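Asker: Please find one structure pasted underneath; my questions will follow.
The values are calculated or read from the model by the stated rules, or taken from the named source; none is laboratory data. Note that the structure is a prediction, hence the values are computed from the model and not measured. With ideal geometry, Cβ positions are generated from the backbone for all residues, glycine too; neighbour counts draw on all protein chains shown. Remember, those area values only see protein heavy atoms, side chains included, never the ligands or the DNA or RNA. Shrake-Rupley method; radii C 1.70, N 1.55, O 1.52, S 1.80 Å.
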Amino acid sequence: MRKGMLEFCVLLILRQRAAYASEMIGALKEARLIVVEGTLYPLLTRLKNDGLLSYEWQESTAGPPRKYYTLTPLGEQFLQQLSASWKEISDSINHLNNPSI
């Protein structure tokens, strides 16, 4: 379940803007989702290999070049499907969490 949630969260971050791995980890930590690079990099590779992400190298003023990831059109479609699934799950859990049941 956590793996699927992490995938969803990464796609949500990249929907807003292109980002490199450290930026994504920072955004996930801000959301109180603790993720280490050893978890994120294999996920990014898999998402890229599945055609959901693309990347480009950009020079950095503070060190080596950085790999910036973006959603592909297929990634955007997949994110829409995940969002619809999330809404269904969330609605079901909220219903069950209702004290009047």
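Asker: Would you pick out the residues in segment 45-62 that are open to solvent by 60 Å² or more (accessible area, probe 1.4 Å) and among the polar types (S, T, N, Q)? Break it down stepwise before answering.
Answerer: At the first step, the residues of segment 45-62 found to be open to solvent by 60 Å² or more (accessible area, probe 1.4 Å) are 45-46, 48-50, 55-59, 61-62.
The answer is 45, 49, 58, 61.
Asker: If you don't mind, there's one more thing I want to ask. Just the residues that are open to solvent by less than 40 Å² (accessible area, probe 1.4 Å), without any contact (Cβ under 8 Å) to a residue 60 or more places away in the chain and in a helix (DSSP H, G or I), please, taken from segment 8-44.
Answerer: 9, 10, 13, 21, 24, 25, 26, 27, 28, 40, 43, 44
Asker: From the residues in segment 73-84 that are open to solvent by less than 90 Å² (accessible area, probe 1.4 Å) and out of contact with any helix residue (DSSP H, G or I) (no Cβ under 9 Å at 6 or more places or on another chain), which one is farthest from residue 45 (Cα to Cα)?
Answerer: Within segment 73-84, the first condition is being open to solvent by less than 90 Å² (accessible area, probe 1.4 Å), and the residues that meet it are 74-76, 78-79, 82-84.
Right, trim to out of contact with any helix residue (DSSP H, G or I) (no Cβ under 9 Å at 6 or more places or on another chain) and you get 74, 84.
Working: 74: 15, 84: 24 Å.
Among residues in segment 73-84 that are open to solvent by less than 90 Å² (accessible area, probe 1.4 Å) and out of contact with any helix residue (DSSP H, G or I) (no Cβ under 9 Å at 6 or more places or on another chain), the one farthest from residue 45 (Cα to Cα) is 84.
Asker: State all residues of segment 31-53 that are over 13 Å from the mean Cα position of the chain (by Cα) and modelled with pLDDT of 95 or more; if no residue qualifies, say none.
Answerer: 49, 50, 51
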